[in-house]
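Colleague: Handing you this structure, nothing more for now.
The values are calculated or read from the model by the stated rules, or taken from the named source; none is laboratory data. Here the structure is a predicted model, which means the values were calculated and not measured. Methodologically, a virtual Cβ is constructed for each residue, glycine included, from the backbone with ideal geometry; neighbour enumeration extends over all protein chains shown.
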Amino acid sequence: MLTDDAYELLRRLASPIVAVTSAHGGRSNGMILDSAIRASISPEHPRLSVYVHKWHLSHDLIGASGRFGAHLLHRGQFDLVHTLGFQSGREVGDKLAGIPHWIGALGVPMLQGCFAAFECRVLNTMDAGPSTLFLAEVVATHGGEEGELLTADYFRANLPEAWREEFLKNYRQAQDRISRLAEVRDVRPWGGPPTTT
Ligand SMILES: Cc1cc2nc3c(=O)[nH]c(=O)nc-3n(C[C@H](O)[C@H](O)[C@H](O)COP(=O)(O)O)c2cc1C
């Protein structure tokens, strides 16, 4: 696995573990990410953004529908990280089949029993090379389940031995793909700060 100082320190910048759900054309899916950020502090315009790698099934479904569900998990939902985050829906079919969920107002499957669940509509995207940044507005919120938030640090510190090999294999594969796709193609040059006269 490729590591260096910047990499090690940037790992501390991870978001909590977030389960992202999506649906399009009769296909439903879920994935895990730790790259979500709050994108607004306005109660009138709640927004968040997520980085999703372009090769994921979720990327296709979110891109085609312009919608997704974002779920903060609690520690009791640890197993969801394996079910949704270790294998692609392209290979294993419907990952949500055994997971209790309902269909939200946007037509997206929403997971039950989460720390918080947000129904999101995409407002904008940015090409980030190997991933796309989806900026979304939160149109509905569900939550309040008791329990401690499942953070990326907690996940890494408690990664079960039985999952370690698969986790590292996936990680190396992702790093390899990211290296090959690192170039940002849709560059919108920033002209620098405006000059004041
Ligand atoms: C702890 C953890 C964090 C992850 N973070 C991200 C992330 O930030 N962005 C991303 O695109 N994939 C991330 N992944 C990988 C995807 O969840 C995983 O590859 C998933 O199987 C993709 O599913 P899909 O192809 O069915 O959409 C993460 C996985 C784990 C286990």
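Colleague: Which residue is surrounded by the fewest Cβ atoms within 10 Å (Cβ to Cβ), if the candidates are limited to the stretch 1-29 and must be over 18 Å from Leu135 (Cα atoms) and touching a strand residue (DSSP E or B) at 6+ places or on another chain (Cβ under 6 Å)?
Modeller: Filtering the stretch 1-29 down to residues over 18 Å from Leu135 (Cα atoms) leaves 1-13, 24-29.
If we keep only those that are touching a strand residue (DSSP E or B) at 6+ places or on another chain (Cβ under 6 Å) too, we end up with 28-29.
Details: Ser28: 19, Asn29: 26.
Per the criteria, the residue is Ser28.
Colleague: Go through the stretch 140-187 and give me each residue that's surrounded by fewer than 10 Cβ atoms within 10 Å (Cβ to Cβ), charged (D, E, K, R), touching a residue at least 12 places away in the same chain (Cβ under 8 Å) and over 20 Å from Thr3 (Cα atoms).
Modeller: Across the stretch 140-187, the qualifying residues are Glu146, Arg185.
Colleague: Moving on. If the requirement is being in contact (Cβ under 8 Å) with a residue 60 or more places away in the chain and not β-branched (Val, Ile, Thr), which of these qualifies: His82, His71, His56?
Modeller: His82
Colleague: While we're on this one: When you go through (1) within 12 Å of the ligand (Cβ to nearest atom); (2) at pLDDT 95 or above; (3) not basic (Lys, Arg) one by one for Gly104, which number turns out not to apply?
Modeller: Result: Gly104 passes all but (1).
Colleague: Out of all the residues in the stretch 134-182, which are within 17 Å of His74 (Cα to Cα), polar (S, T, N, Q) and under 16 Å from the mean Cα position of the chain (by Cα)?
Modeller: Thr151
Colleague: Let me ask something else about it. When you go through Leu96, Leu135, Leu123, Leu111 one by one, which is the residue that is in contact with a Ser or Thr (Cβ under 8 Å, 6 or more places away or on another chain), at pLDDT 95 or above and within 21 Å of Ser42 (Cα to Cα)?
Modeller: Just one listed residue meets the conditions, Leu135.
Colleague: Can I ask one more? If I ask for residues that are in contact with a Leu (Cβ under 8 Å, 6 or more places away or on another chain) and either modelled with pLDDT under 95 or not basic (Lys, Arg) (or both), which ones from the stretch 69-83 would you list?
Modeller: Gly69, Ala70, His71, Leu72, Leu73, His74, Gln77, Phe78, Leu80, Val81
Colleague: How about the stretch 34-82: which of its residues are more than 8 Å from the ligand (Cβ to nearest atom), under 13 Å from Pro16 (Cβ atoms) and not aliphatic (A, V, I, L, M)?
Modeller: Arg38, His71, His74, Arg75, Gln77, Phe78 - these are the residues of the stretch 34-82 that are more than 8 Å from the ligand (Cβ to nearest atom), under 13 Å from Pro16 (Cβ atoms) and not aliphatic (A, V, I, L, M).
Colleague: While we're here: Only one of these is under 21 Å from Ser88 (Cβ atoms), among the aliphatic types (A, V, I, L, M) and within 16 Å of the ligand (Cβ to nearest atom): Ala157, Ala136, Ala152. Name it.
Modeller: Ala152
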